[in-house]
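Below is one structure, written out as structure tokens; the observations come after it.
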Amino acid sequence: MRSSRVISAFALAVVLATGLAACTEKRDPGFQGWVEADMIFVSPDEAGRVTKLNIREGDEVKVGDHLYSVDDDLQLADLNQNKATLANAQQTYDRAASLNKTGSGTQANLDSAVSALRVAEARVATSETRMARRKGFAPVAGTIQQIYFREGEMVAAQRPVLSIMPPGNMKLRFFVPETELPKLAIGDTVRVACDNCAADLTAKIYFIATSAEYTPPVIYSLEERNKLVYLIQARPSRPDALRVGQPIDVYLNPKTPVAEKR
């Protein structure tokens, strides 16, 4: 009876010691960061009213897809006016060329008619280009991230109607203290973790800041506050598994598969 009590006490001491060791073991908190993306903004060259939207937020688009249209009344009027000027310039040129052949006209008149015809042709080409640009087409393939102007709304010149996020433009931004900087290099792979994300997410570092800055306010770690840190940016291996603005934790040493360890 006494021996069993001794064994039980010993087992309890072992369990308590193991638990205490586990509690005091230093846990790697990783580095806090978030997901960002370099958006592609599509905007009209001139102000106008949005007359048609062919997409919705979240739609996948390919290069050349028609995204939206802006009213073209003013551009159409300008095109018609320049076409009329071109017709007159063509008549003047034909008359000058005919007179020059018979010797009744002068070379100066013919040169002037040629110059006026070329200017008129250039203005028509410009007007046609302005007309064509009243329609917005996708310059890249990606996902419609946000629509800023809807049908019926006025959009100013060079103000984006919508933004597109190409998958390759997604990036992770995180900060590391100076003491950890020597452990990182361009091309290194880091492990990425976030709430309810897949366990095998990684990213490759493509940018390391050359100058330090203070911890940004979006990171609330008391331990990191008032310390100088360096901005690191990395491209995720699976951008489809992340969302813009999502908070993440970054770990310097990715988990090594069991097969590789062996």
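How would you order 85-91, 159-165 from highest to lowest mean count of nearby Cβ atoms within 10 Å?
Numbers: 85-91: 15.7, 159-165: 20.1.
For the peptides 85-91, 159-165, the packing ranking is 159-165, 85-91.
Could you sort out which of Lys62/Lys135; Lys171/Lys204; Lys183/Lys204; Lys62/Lys204 sit more than 20 Å apart by Cα distance in this structure? Present the calculation step by step, with values, prior to reporting the outcome.
On the way: Lys62/Lys135 15 Å; Lys171/Lys204 10 Å; Lys183/Lys204 14 Å; Lys62/Lys204 26 Å.
Result: Lys62/Lys204 exceed 20 Å.
Simple spin-label model, 7 Å along Cα-to-Cβ: Arg150 to Glu46 in nm?
2.7 nm
Considering only the other residues whose Cβ falls under 14 Å of the Cβ of Val70, what net charge follows from Lys and Arg at +1 and Asp and Glu at -1?
+1
Size of the dipole of the range 72-132 about the Cα centre, Lys and Arg at +1 and Asp and Glu at -1 on the beta carbon, nothing else charged, in debye to 20?
Roughly 260 debye for the range 72-132.
Could you size up the charge dipole of the range 106-163 around its Cα centre, putting +1 on the beta carbon of Lys and Arg and -1 on that of Asp and Glu, and report it in debye to the nearest 20?
160 debye
Specify the inter-centroid distance of the range 39-55 and the range 122-140, based on alpha-carbon positions, in whole Å.
13 Å
With charges set only on the Cβ (+1 for Lys and Arg, -1 for Asp and Glu), what does the dipole of the range 71-206 come to about its Cα centre, in debye to the nearest 20? If you can, show how the numbers build up before the last one.
Details: 16 positive and 15 negative charges, 62 e Å.
For this selection, approximately 300 debye.
Quick note: the coordinates plus some simple rules give every number you see, no bench work behind them. Note that the coordinates shown come from a computational prediction; the quantities given were computed from them, not determined experimentally. Neighbour counts run over all protein chains shown; Cβ positions are idealised from the backbone, glycine included.
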